[in-house]
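**Q** Below is a structure I'd like to ask you about.
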Amino acid sequence: MTIEIRGHDPRWPGQAQAAVEELTTALPGLFPSVEHVGSTAIPGLAAKPVIDLMAATAALDAVVAAEEVLRRLGYRRLETGMRERLFYRRDGDPAYHLHVVTADTWDIRNERLLRDHLLRHPEDRDAYGALKRDLAAARHDGEAYTRAKTGLIQRMVDAARTRQGLPLVDVWED
């Protein structure tokens, strides 16, 4: 499968916000926080046309119990092997990924920390965008593409965690 990288689309933030509103309206109270994370959340950053949303919930079991509503919205759960996280995908252009995590881990989630780092450090945003374009041009498959970004992502997440006094953790969740 070829990786498609596009220049930043100014519609992505609005599309993300519409998806957030759709989720919180359809499932009132289930997600006290939902945010746009990932490359499409960063103005000026090249990205795959996939809007990543991260949602906090009090209990993952409550989300599993509400999966029929998520299915009606077009989300289907995929097993990722990541502990303490549910992952849903909604196909389309753009596609959507919904990462559901527990509220007690919300403030230390690497995806949120990386997003905020990239928003504050345009030199890292540009380096990340260039790497993504190079990897896509080399026709890496999805897993190879993701793994090849790990070193740079780890460095940026480590910097963000250090600034906040958080312990360093591997960006690859088990």
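The values are calculated or read from the model by the stated rules, or taken from the named source; none is laboratory data. As the structure is a prediction and not an experimental result, all values here were calculated from the model. Don't worry about glycine lacking a Cβ; one is built from the backbone with ideal geometry, like all the others, and counts go over all protein chains shown. To get the accessible areas, we keep the full protein, side chains included, count just its heavy atoms, and leave off ligands, DNA and RNA. Shrake-Rupley method; radii C 1.70, N 1.55, O 1.52, S 1.80 Å.
**Q** Would you confirm whether or not the range 66-75 contains a residue that is hydroxyl-bearing (Ser, Thr, Tyr) and modelled with pLDDT under 95?
**A** No, there is no match, as no residue in the range 66-75 is hydroxyl-bearing (Ser, Thr, Tyr) and modelled with pLDDT under 95.
**Q** Going through Gly142, Gly129, Gly44 one at a time, which residue ends up being open to solvent by less than 60 Å² (accessible area, probe 1.4 Å), out of contact with any strand residue (DSSP E or B) (no Cβ under 6 Å at 6 or more places or on another chain), at positive phi and not β-branched (Val, Ile, Thr)?
**A** None of the other options fit; the residue is Gly44.
**Q** Checking Ala127 against (1) more than 14 Å from the chain's Cα centre (by Cα); (2) over 17 Å from Arg161 (Cβ atoms); (3) at pLDDT below 95, only one condition comes out false. Which one?
**A** For Ala127, the failing item is (3).
**Q** For the range 37-87, enumerate the residues that are outside any loop (DSSP other than H, G, I, E, B), touching a residue at least 60 places away in the same chain (Cβ under 8 Å) and of a type outside the set (A, V, I, L, M, F, W, C).
**A** Ser39, Arg85
**Q** Name the residue, out of Arg89, Arg83, Arg77, that is over 13 Å from the mean Cα position of the chain (by Cα), among the charged types (D, E, K, R) and surrounded by 12 or more Cβ atoms within 10 Å (Cβ to Cβ).
**A** Only one candidate qualifies: Arg77.
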